[in-house]
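Taking it in order: structure first as C-alpha cells, then the write-up.
The values are calculated or read from the model by the stated rules, or taken from the named source; none is laboratory data. Values in this document were obtained by computation on a predicted structure and should not be read as measured data. Heads up, the Cβs are rebuilt from the backbone with ideal geometry, glycines too, and the neighbour counts pull from every protein chain shown. With ligands, DNA and RNA removed, areas are computed over all heavy atoms of the protein, side chains included. Shrake-Rupley method; radii C 1.70, N 1.55, O 1.52, S 1.80 Å.
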Amino acid sequence: MMKAQVLVDMDGVLADVYRQFIRMEKQESGIGLQVQDLYGKPESQAFPSYEKHVRSRGFFSTAPLMADSVEGLRYLNDAYKVLIVSSATEFPDSLSEKQKWLQTYYPFITWQQMIFCGCKDSIRGDIMIDDHLRNLHTFEGKKVLFTQPHNIYIEDDRFQRVMNWREIMDLL
Ligand SMILES: [Mg+2]
C-alpha cells in the first residue's frame, strides 16, 4: 500500500521560533516579552526586531526545537511518507542553516525529503501540518493547523487544530 504523504512545516511546527525571537529580543533590548501578550498578533508585529532577527545569521541554525517534535516526526516518518516543506527562499540565507539544522536534530530525514521552496501552493500531499493559514488554504488534502500564538484565536472548521506534537501523534 502507498503511504500517505504528509507535508510538515518547519518554522512554528518543528522550530520554536517564538522562543528564538523572545530570546533574541531579550539579548538585544532587555525587553522580556510574554508569549500570552503576543496572542493573535502576526509575528512581524509581535516582535519589535522581527525583520532584523529573522534575517540575522544563526537565527535558524540555533532555533530551539518544538517540544516532542523529534519523537513526533520519527513517528510520522515511520507511518507516512514525510516531506519537510519550508518557505525558505523568503529568507535566502536560511537555506543552508535550515538543512544543517534538520540534519542535526532529525537525522532520519533524508535530503530527498527536504523541500525548500517559496510559495507552498504547488506542493501536493495528503496531509499538511502548518501554523499559517495562507499555506493551508490552498492545500487540497487534510489541513492540520499547528497552534502558535499568532493563530490562537482562529476558529475555522476547515482546519483540524492541534496544540502540540503529542496531539499530532494521537491524530495521525
Ligand atoms: Mg510555519
_Tell me the angle of helix 69-79 to the major Cα principal axis of the chain, expressed in degrees between 0 and 90 and rounded to the nearest ten._
10 degrees
*Quantify, in whole percent, the carbon and sulfur part of the accessible surface of region 105-172 (1.4 Å probe; protein heavy atoms only).*
48 percent
*Go through region 84-172 and name the chymotrypsin sites (Phe, Trp or Tyr not before Pro) that are in a DSSP coil and have 14 or fewer other Cβ atoms within 10 Å of their Cβ.*
PHE108, TYR153
*Would you please give the residues with an amide H less than 5 Å from that of LYS142, counting only those at least 5 places away or on a separate chain, with H modeled from the backbone geometry?*
ILE127, MET128
*Taking the radius of gyration and the Kirkwood hydrodynamic radius from Cα positions alone, what is the Rg/Rh ratio for region 132-172, to two decimal places?*
0.94
*Once you charge only the Cβ atoms, +1 for Lys and Arg and -1 for Asp and Glu, what is the size of the charge dipole of region 116-172 about its Cα centre, to the nearest 20 debye?*
120 debye
_Placed amide H near ARG161: partners under 5 Å, 5+ positions off or other chain_ = LEU145
*Ratio to report: Rg/Rh of region 81-172, with Cα atoms as the point set and Rh obtained by the Kirkwood method; give two decimals.*
0.96
*asked:* Could you give each residue of region 37-44 its phi-based ³J(HN,Hα) in whole Hz, using Karplus coefficients 6.51, -1.76, 1.60 with θ = phi - 60°, and x for Gly or Pro?
replied: 6, 9, 4, x, 9, x, 4, 5
*Treating the beta-carbon of each Lys and Arg as +1 and of each Asp and Glu as -1, no other charges, what is the dipole magnitude of region 49-156 about its Cα centre, to the nearest 20 debye?*
340 debye
*Show the residues, 5+ positions off or on another chain, whose built amide H is closer than 5 Å to the amide H of LYS120.*
none
*Just subtract the alpha-carbon distance of TRP111 and ASP78 from 0.36 nm times their residue separation and send over the number in nm, one decimal.*
10.2 nm
*Tell me which lysines have Cα within less than 28 Å of LYS26's Cα, excluding those fewer than 8 residues away on the same chain?*
LYS41, LYS52, LYS98, LYS100
_Cβ-derived FRET efficiency at R0 22 Å, ARG57 paired with LEU171, nearest 0.05_ = 0.05
_Give the separation of the Cα centroids, region 125-142 to region 61-96, in Å._
15 Å
*Using the heavy atoms of the protein chains and a 1.4 angstrom probe, tell me the accessible area per residue for the chain in square angstrom.*
53 Å²
_Give the lysines reachable from LYS143 as a straight Cα distance under 21 Å; neighbours fewer than 8 places away on the same chain don't count._
LYS3, LYS81, LYS120
*asked:* Counting only other residues whose beta carbon sits under 9 Å from that of HIS150, what net charge do I get with K and R as +1, D and E as -1?
replied: -1
*Loop-resident sites, region 29-67, for chymotrypsin sites (Phe, Trp or Tyr not before Pro), counting at most 16 other Cβ within 10 Å (DSSP)*: TYR39
_Quick one: 3J(HN,Hα) in Hz for region 47-55, Karplus 6.51/-1.76/1.60 with θ = phi - 60°, rounded, Gly and Pro as x._
10, x, 10, 3, 4, 4, 6, 5, 9
*Between helix 17-29 and the chain: long-axis angle, C-alpha atoms, 0 to 90°, nearest 10*: 10 degrees
*asked:* Please report, in whole Å³, the volume per residue of the convex hull around the C-alpha atoms of the chain.
replied: 112 Å³
*With each label point set 7 Å from Cα along the Cα-Cβ vector, what nm distance links HIS137 and GLN36?*
3.1 nm
*Residue-wise, which Karplus ³J(HN,Hα) couplings in Hz belong to region 140-154, taking 6.51 cos²θ - 1.76 cosθ + 1.60, θ = phi - 60°, and x for glycine or proline?*
8, x, 6, 10, 10, 8, 7, 5, 9, x, 5, 9, 5, 8, 6
